[in-house]
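We did not get these values from a lab; they are worked out from the coordinates using the rules stated. From a predicted model like this one, the values you see are computed outputs, not experimental measurements. All Cβ positions, even for glycine, are placed from backbone atoms using ideal geometry, and neighbour counts span all protein chains on display.
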Number of protein chains: 2
Amino acid sequence: MITEIALLKIRDQQSEAFETAFSEAQKIIANMKGYKYHELQKCIEEEDKYLLLVQWQTLEHHTEGFRKSNEYQEWKKLLHHFYDPFPTVEHYKKVF
Amino acid sequence: MITEIALLKIRDQQSEAFETAFSEAQKIIANMKGYKYHELQKCIEEEDKYLLLVQWQTLEHHTEGFRKSNEYQEWKKLLHHFYDPFPTVEHYKKVF
């Protein structure tokens, strides 16, 4: 099991629209092979900042399965225009 | 419920010692008032990088209760010398 982590900075005044779009987009990942769980968390200290965590069965379920799918094109269309800058995505493995 | 998030960069070649120290230090937070859950995750793409998530009942359980406690002094002693640079800690609230 691995966790995909992305810190998302949303364009000024777009957080509400982003959350609405995300409520749709989350249905896309939740149906992908190897998907386990996700959370979207909003930062308390900084405006328009979010943390996305997605748990996948393996790294490849995210990097190969999801990112090379038609569903990813839908995900992109719904969400990518909200990001500024475009986020760095990293993967983590639980230690404790 | 809020989540404390810290991206931790560990000094070169110190990750193993950090994990050993953390296995002790985690007992400290787990006994604090308002503590709910924690995870330490290790980055796959970048050497010596970790993500710490701690769930607290309220923001103040972390910022007031824990940070102003004697137990925090123990936590500091065990962990802070591993960090370079010293991490920024932020708090998040779940949206989805």
Which whole-number percent gives the relative contact order of chain A, counting Cα pairs below 8 Å spaced six or more residues apart? 48 percent
Size-normalised alpha-carbon gyration radius of chain A, reference 2.2 N^0.38 Å: 1.05
For helix A:70-79, report the angle its Cα long axis makes with the longest principal axis of the Cα atoms of chain A; keep it between 0 and 90° and round to the nearest 10°. 20 degrees
Name all residues of region B:1-27 having a backbone nitrogen under 20 Å from the label point set 7 Å from the Cα of B:Leu59 along its Cα→Cβ direction, giving them as ranges. B:1-7
Need one word for region A:42-96: rounded, prolate or oblate. Basis is the Cα gyration tensor (sqrt eigenvalues a ≥ b ≥ c); a/c below 1.5 gives rounded, then a/b vs b/c decides. oblate
Give me the one-decimal nm value for the distance between modelled label points at B:Arg11 and B:Lys76, 7 Å along each residue's Cα-to-Cβ direction. 1.8 nm
Let a ≥ b ≥ c be the square roots of the eigenvalues of the Cα gyration tensor of region B:9-58; is it rounded (a/c under 1.5), or, if not, prolate (a/b larger than b/c) or oblate? oblate
Mean shadow area (nm²) of the C-alpha convex hull around the protein assembly as shown is 10.8 nm²
Please identify every one of the trypsin sites (Lys or Arg not before Pro) in region B:7-41 that sits in a loop by DSSP and has no more than 11 other beta carbons within 10 Å of its own beta carbon. B:Lys33
Taking neighbour Cβ counts within 10 Å as the exposure measure, how do A:Tyr50, A:Tyr37 sort from fewest upward? A:Tyr37, A:Tyr50
Within 10 Å of each Cβ of B:85-94, how many other protein chain Cβ atoms are there on average? 4
Using only Cα atoms and rounding to the nearest 10 degrees, what angle (0 to 90) does helix A:15-30 make with the longest principal axis of chain A? 10 degrees
B:Val95 long-range amide H proximity, modeled H, under 5 Å: A:Leu40, A:Gln41, A:Lys42
Would you list, by chain and number, the aspartates and glutamates whose Cα falls below 12 Å from the Cα of A:Lys42, excluding same-chain residues fewer than 8 positions away? A:Glu16, A:Glu19, B:Glu4, B:Glu90
